[in-house]
Amino acid sequence: MSDAPEPPPTPTPTDPAAGAPPSATLREAPVPHPVLLAVRHLFVRAPKRVLLDDISLELNDREVTAIIGPSGCGKTTFIRTLNRMVEVSPGLRVEGSVRYKGQEIYGAGIDPVQVRRRIGMVFQRPIVFPMSIYENVAFGLRLEGTDEDEVEATVERSLKRAGLWREVGDSLEAPALQLSGGQQQRLCIARALATGPRVLLMDEPTASLDPVGTQKIEDLLFELKHEYSVVIVTHNMQQAARVADRTAFFYGGKLVEVDETARLFETPRERLTEQYITGRFG
Amino acid sequence: MATADPALAASPPASPTPPAWDRYKLLTWLGSPLALIPLLALLAVALAIVSSGDLTLLLRGDFWSLTFNWNPLYPDQAAWAFPLYLLGTAITAGLALLFATLLSLALAISLTAYLPGWLGRSLATLTNLLAGIPSVVYGIWGYVVLAPYFGLTLQPTLRSYLAWLPFFGGPAAAAAPGTGVLLAVLILTVMIVPLTTAIIRDSLANVPSAVLEASLALGATQWETMRRVRLRVARRGVMGAVFLGFGRAVGESVAVAMVVGGQTQIPPSIYSGTTTVSAFLLYQQDSAFQYAALLHALVDFALVLLLITLFFNFLAQRATGERGAVGQTSAAGL
Amino acid sequence: MGLVAAIAIAVVLLLVGLGGGYALGNYLGSRSSNSSSTSGSTSYTISETGSSLIYPLMQLWGPNFTKLYPNVQVSPQSTGSGTGISSAESGTVDIGGTDAYLLPSTAANYSLINVPVAISSQLVYYNLPGISAHINLNGTVLAMIYSGKITNWNDPMIQAANPSVSLPNLAIVPIHRQDGSGDTFMFTSMCYMSWSGWTYGYGTSVTWLSSSPSASGNAGMVTTLSHTTGGIAYIGISYESEAASSGLTYAALGTQAANLNGTNPANYALPTTANISADASLGLANLAPGSVAVSLILGGVPGATNLQLGKGGTMPAAGTTPYPDTNLEYTLIKTNPSDASKQKWVVAFLEWALAYGNSATYMNQVHFLPLTPAVVGYDMQALQAVTVSA
């Protein structure tokens, strides 16, 4: 599992460069793939500057990967490229390749909507919708027209996975806005889990939470990595050290170093990484 | 990624700054009487109405009768048929509001989410310009241009195809001049749409983009996000627009009076004329100076109209006010 | 406010008393000697508000008066007769203009006098495709049409009065004024005096048939009628050219005799100058000094319908038939004004208007007729009762 920063390219079932059929859909591979997301030579350009500069990185299944780096280094932009949320921001251009289970998510005919159902996202601040707890979790399922029995089962399963069931199980019809900030964030996780993703992208999920709420989310990450690949952006190096199997350090839109978390923090190969983790800047 | 740490942002330098405080105090002293002006104006209007009207008339049957009777020779026998005027107001304003709401929802949604920025902005400017047109211009347009077309072409066509629908048939003679419910509703709709569109557009635009992204990240399409999240978060604003639009429609006098037909009756069809409380106020004002009984009725009409429009403006205030509160709660972590 | 006004009035009365009561009846006679001393000394603006019919006349008179007396401006407003009356009553304007006279008893309560300034008339138009003739209609028929008793143009009563016209089988759509109006006052007065079955009374606003369409202003009446096949509408004579260019035709209206014998064509009059004058002469013949409040409708007959043509009045001149839909236009002024020195100029203006402005040159421009000499005489007499300061 100790991969070098630049592993050999994974075999590709379909080659998008050769022109995928317009009706192409993301197929679930029959065997779990050790590398779930493979990023190759990724650039994101704003009109006047480069936000991400030639990023190549692989994200393994059933692992937590932390992205660290100073403000403005491109951490958030990076995880937003992984489920094509980057396209929501006007004026950004994406070049390069992101493959999910070997399939190009920026390929022709790939619907970003489908990508986002496989690759869920949780934001820095808990964003619950002004509806009941139940309807918040059911939101993604409603879009698919799932029948009510299955919705009910999935809501319960997702809330249990997000560690919220014991707290809200008997008040599912209550407005979600009444929950505490930490509960709201776990509700957002449950909502993301309900659509059945394999990857969970988390953009500083504890930045706005108190220590108790933060603790609960971190505990949850250990549970979630048994089933999901988790990518967490954090500005808190202790958090990365606690929860992440691997950690990637970004600086100035470039990937400086990626390694097993313990090795990165104890014996960084790059000077820049060492300076950052020892608190010389950031 | 810099998140403000509340502990750091908490205490600004506590040194007192006397000049600033003095200025603030001065502004308060100057400002508070100024702030009272709208309230005083409202009280003055209410007082004027109460003092020049005959409030007991509001309790009498002849105010609430269902037939209008005003014979200047026998003012004692007058009956004011206020419910008919109110009904005419409710029909024209209600239908106009229905159409205006649907139209401005469609407009506001495309302006905020679908049209490219420059087109959305120029259309928004255009709707704001439309909102500034004096209502008499709409009235003249309706009366001079549309009424003949309605009376001679549109209404006969509608009647010949849709007469089997309730309110789409009816006697031909009653609709001859083209003025009536249909035209009044159209004119009112055109008049309200800019107002409601502007408010709905603003409230849609004010939905935090983070909320929209949360929905998109769950695999919702643009339209699903609009329908299930954006409109829901902005629903107070939409309600505010509806109430404000209704207040405007109810209070609008000139344009409606010009095209509504003016008959004091329950309109038997959409082509026939009816009348509104505001039209009565507008057109009977001069006669009311000659006949005391007419003046009392007129003033009481005005009083009820004032209460109705105040009520709907109050609802609008409440709706938009609470929208702010919801925004804060949903943005608890923002 | 009241106290100030009371003091002002007291001061004025005192001054008037000291001045020994100046009668302005001879003002015009002495104006050449007076003008040198008064004109240019103090400036005055005479305010007038009220009837939209009188407004153009005031606009015509005002500048011509100012040419003679540059220190006096006349500022007229077109607001409506009701506003004219109430503003004159409250004293907020110097002159109130109205199409309907103020009852003498009411006028006395407010120290106002009725001063007629012109004769106006009203036409009844209809929209009957293919019929360009002036059909004969009398007050009874019109009252029955607006009461919903006659509903079709081929009704026997209409046909009997128009033997030479082939009237269509077409529903009549009676159109009324939605706004309060002196025209409504005139028209309902004629209906009221013509037919005992008329139940709506008369005034600037009355109840109408609920199915009757309405229009706002004379211009609105022209527009609505021109859109309404089978429609009928009453429109002030000043809108004659607008109505003609809209292709509308007006009716010959029946005298009081026509209400009794509708089939005699001799009882119908077109609104010619001679016929309108004939009606005015009839009505004004009943005038007595101090009683210039009179209706000229149907030659000024009282409410009863059995009076004969010309009874109590002057027989119309040969070749004329009195046109019944005729009316006096009134101004109202205070006899005890708060500003007596200004009131001197108000009276002077009206005296000038009656003496010089009452000519066909002015009146033709606004579709009015000049007052008869008798009315001018009564007006001059009435104006002498106004308190003014020298």
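Each reported figure results from applying straightforward, stated rules to the coordinates on display, with no laboratory input. Values in this document were obtained by computation on a predicted structure and should not be read as measured data. Cβ placement follows ideal geometry from the backbone for every residue including glycine, while neighbour counts extend to all protein chains displayed.
So the values come out like this:
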| item | result |
| --- | --- |
| Per-pair calculated FRET efficiency, R0 = 41 Å: B:Leu102 and A:Glu156 via Cβ, rounded to 0.05 | 0.60 |
| B:Arg318 paired with A:Ser89, simple spin-label distance in nm, labels 7 Å along Cα-to-beta-carbon | 4.3 |
| Environment charge at A:Leu164 (Cβ cut-off 11 Å; Lys +1, Arg +1, Asp -1, Glu -1) | +4 |
| Cβ-derived FRET efficiency at R0 41 Å, C:Ser246 paired with B:Thr56, nearest 0.05 | 0.30 |
| Net charge of Cβ neighbours under 12 Å - reference B:Met258; Lys, Arg +1; Asp, Glu -1 | -2 |
| Length-normalised contact order of the stretch A:88-245 in % [C-alpha pairs under 8 Å, at least 6 apart] | 28 |
| Cα shape, the stretch B:237-313, gyration tensor, a/c 1.5 rule | oblate |
| Length-normalised contact order for chain A - Cα pairs under 8 Å, 6+ apart - percent | 26 |
| Burial ordering of B:Ile200, B:Ile91, fewest other beta-carbon atoms within 10 Å first | B:Ile91, B:Ile200 |
| Likely footprinting exposure, A:Lys254, A:Lys48, A:Lys101, fewest C-beta neighbours within 10 Å first | A:Lys48, A:Lys254, A:Lys101 |
| For the stretch A:26-160: rounded, prolate or oblate by the Cα gyration tensor [a/c cutoff 1.5] | prolate |
| Global geometry of chain A, whether rounded, prolate or oblate, following the gyration tensor of its Cα atoms and the 1.5 cut on a/c | oblate |
| Among A:Ala38, A:Ala46, A:Ala248: highest mean-square fluctuation, GNM of chain A, C-alpha pairs under 10 Å | A:Ala46 |
| Residues A:Thr65, B:Thr309, C:Thr106, sorted so that the one with the fewest Cβ neighbours within 10 Å comes first | C:Thr106, B:Thr309, A:Thr65 |
| Label-point separation, B:Tyr149 to A:Asp53 (7 Å along Cα→Cβ), nm | 6.2 |
| Summed residue charge, Cβ within 10 Å of C:Ser111's Cβ, Lys/Arg positive, Asp/Glu negative | 0 |
| Efficiency of FRET between C:Asp155 and C:Asn364 - r from beta-carbon atoms, R0 25 angstrom, step 0.05 | 0.10 |
| Rounded to 5, the percent of DSSP beta bridges in chain A classed as antiparallel | 60 |
| DSSP-defined antiparallel bridges as percent of all bridges, the stretch A:161-261, nearest 5 | 55 |
| Spin-label model distance (nm) - C:Ser43 vs C:Ala171, 7 Å beyond Cα toward Cβ | 5.9 |
